[in-house]
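Peer 1: Below: one structure in structure tokens.
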Amino acid sequence: MQWGGWLGLALVVAAQYFSNIPYSLCPKSEFWLNSPSLILIKTAIILMLTAFAFLWNGFLVTGWAWVRQLGAASLVIYWVHTELVYGRRLGVWKEGLNVAQTVWMAAGMIGWMPALSVARGHWPEIREFLSKRASAMLPQPD
């Protein structure tokens, strides 16, 4: 992981250097759209974040860790966020948001994803609690 983090840092520096030279192997590319340098920078950031998550999970945190929690429930988090961001159910509403509303919605969604993963991990206990509560609310036969 340490070498992955260092490789990511080296990729960022190399991509920045090669994106600023006057000639290019891909002359028709735009940096923010389809540049090989941007792809290398994104890959480097993923390598550095993975090394950070490894260090965070293994050495800095004892007990519950949000990185471990999100990793354990990554499939359900991916599915729910994809439905919320790209799904048709909220399409009319989400296309009318201004910048401030979009920032608030993104922050809210980022905050709700760890809560969703914790709820997913404790689903049997939640379901049992809800079923007991529902049966307590039903009228009891005499």
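Peer 1: Which residue, Met105, Met48, Met113, has the most motion in a Gaussian network model of the chain that connects Cα atoms within less than 10 Å?
Peer 2: Judging by the Gaussian network model, the answer is Met105.
Peer 1: Using Cβ counts within 10 Å as a stand-in for footprinting exposure, how do Thr43, Thr62, Thr82 rank, fewest first?
Peer 2: Ordered by Cβ neighbours within 10 Å, fewest first: Thr62, Thr82, Thr43.
Peer 1: Is the shape of the chain rounded, prolate or oblate, going by the alpha carbon gyration tensor and its root eigenvalues a ≥ b ≥ c, with a/c under 1.5 for rounded and a/b larger than b/c for prolate?
Peer 2: It comes out oblate by the Cα gyration axes.
Peer 1: Another question, then. Applying a 10 Å radius around every beta-carbon, put 118-126, 65-73 in order of their mean neighbour count, most first.
Peer 2: In decreasing order of mean packing, 118-126, 65-73 become 65-73, 118-126.
Peer 1: Taking region 1-60 on its own, what percent of its Cα-Cα pair distances exceed 19 Å?
Peer 2: For region 1-60, the fraction of Cα-Cα distances above 19 Å is 37 percent.
Peer 1: State the extension gain, in nm to one decimal, for the chain segment bounded by Trp56 and Trp93, taking 0.36 nm per residue of separation less the distance between their alpha-carbons.
Peer 2: 9.6 nm
Peer 1: Taking the Cα-to-Cβ direction at Ser24 and at Leu49 and moving 7 Å from each Cα, how far apart do the two end points lie in nm?
Peer 2: Rounded to a tenth, the inter-label distance reads 2.4 nm.
Peer 1: Still on this structure, I have one more. What shape does region 74-128 have by the C-alpha gyration tensor, where a ≥ b ≥ c are the square roots of the eigenvalues, rounded means a/c under 1.5, and otherwise prolate means a/b greater than b/c and oblate the rest?
Peer 2: Taking the square roots of the gyration eigenvalues as a ≥ b ≥ c, region 74-128 is prolate.
Peer 1: Still on this structure, I have one more. For the chain, what is the relative contact order in percent, using Cα pairs closer than 8 Å and at least 6 residues apart in sequence?
Peer 2: Normalised by residue count, the contact order of the chain is 23 percent.
Each reported figure results from applying straightforward, stated rules to the coordinates on display, with no laboratory input. Note that this is a predicted model, so its numbers are computed, not measured. Methodologically, a virtual Cβ is constructed for each residue, glycine included, from the backbone with ideal geometry; neighbour enumeration extends over all protein chains shown.
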